[in-house]
Amino acid sequence: MVTLHNERFEPYIGPAELDAAIDKVAARVAAQYGELMPLFLGVLNGSYFFAAELMKRLAFPCEISFVKVASYHGTRSSGSVKQLIGLQESIAGRHVVVLEDIVDTGNTVMHVVEALREKRPASIAIASLLLKPDVYKKDLPIDFVAMEVPNFFVVGSGLDHDGLGRNLPGIYRIVNS
Ligand code: 5GP
């Protein structure tokens, strides 16, 4: 059990189980992208762990870069506007694989994909370390998922609770008192 900002978390997925799940995803990615020289695009901050774990399992030519989704509140509109920042590469004609830590409602990944589509890549796929299938109801397919989790808050392996917990091995779930 660990405590982060007064919330308690307990181990949920062990590091070995998570490793094995990433092995399987990597094998599927390799089978599909081995000849395509893909560009992996990690969505910071949470995806750094999955990005590194995936990349070290891929032996074919590929590139990796990172983007960030910045939220800001417009002066007139009430909702927050999301913007993709940090993309240096031209992705026109490239096979892009977006790397996420977790897909929950899918709003974040939807914004990323819509922003990338405007830049005319050859294809866009999504790979996520975790998916909450009970929450995710969008039409956009999540092509590669290492593990599915129920709808509770998790940390570890890149995922944080207000900045803490990214360094925890495996996945921890919140303990509701
Ligand atoms: P979505 O836009 O799919 O609802 O949420 C995506 C983002 O919300 C993730 O990239 C992550 O930063 C955060 N998020 C959603 N669910 C969780 C969770 O269970 N734990 C943590 N640590 N972050 C989450």
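The set of residues in segment 129-177 being more than 20 Å from Arg8 (Cβ to Cβ) and among the charged types (D, E, K, R) consists of Lys132, Asp134, Lys137, Lys138, Asp139, Asp143, Glu148. Scanning segment 136-150 for residues that are near the ligand (Cβ under 9 Å from one of its atoms) and modelled with pLDDT of 95 or more gives a single hit, Val149. The residues of segment 96-131 that are among the charged types (D, E, K, R), within 16 Å of the ligand (Cβ to nearest atom) and not in a strand (DSSP E or B), listed by number, are Asp104, Glu114.
Results for (1) touching a residue at least 24 places away in the same chain (Cβ under 8 Å); (2) in contact with a helix residue (DSSP H, G or I) (Cβ under 7 Å, 6 or more places away or on another chain); (3) surrounded by 14 or more Cβ atoms within 10 Å (Cβ to Cβ), shown as yes or no for each residue.
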site: Asn6; (1), (2), (3): no, no, no
site: Phe9; (1), (2), (3): yes, no, yes
site: Ala26; (1), (2), (3): yes, yes, yes
site: Gly34; (1), (2), (3): yes, no, yes
site: Pro38; (1), (2), (3): yes, no, yes
site: Gly42; (1), (2), (3): yes, yes, yes
site: Ser47; (1), (2), (3): yes, no, yes
site: Ala51; (1), (2), (3): yes, no, yes
site: Leu54; (1), (2), (3): yes, yes, yes
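Flag set for Ser78, criterion: at pLDDT below 95, more than 13 Å from the ligand (Cβ to nearest atom) and at negative phi. Being closer than 23 Å to Ala16 by Cβ, of a type outside the set (D, E, K, R) and within 10 Å of the ligand (Cβ to nearest atom) is true of Val155.
The values are calculated or read from the model by the stated rules, or taken from the named source; none is laboratory data. Everything numeric in this text was worked out from a predicted model, so none of it was measured. Reconstructed Cβ throughout: ideal geometry from the backbone, glycine too, with neighbour counts over all protein chains shown.
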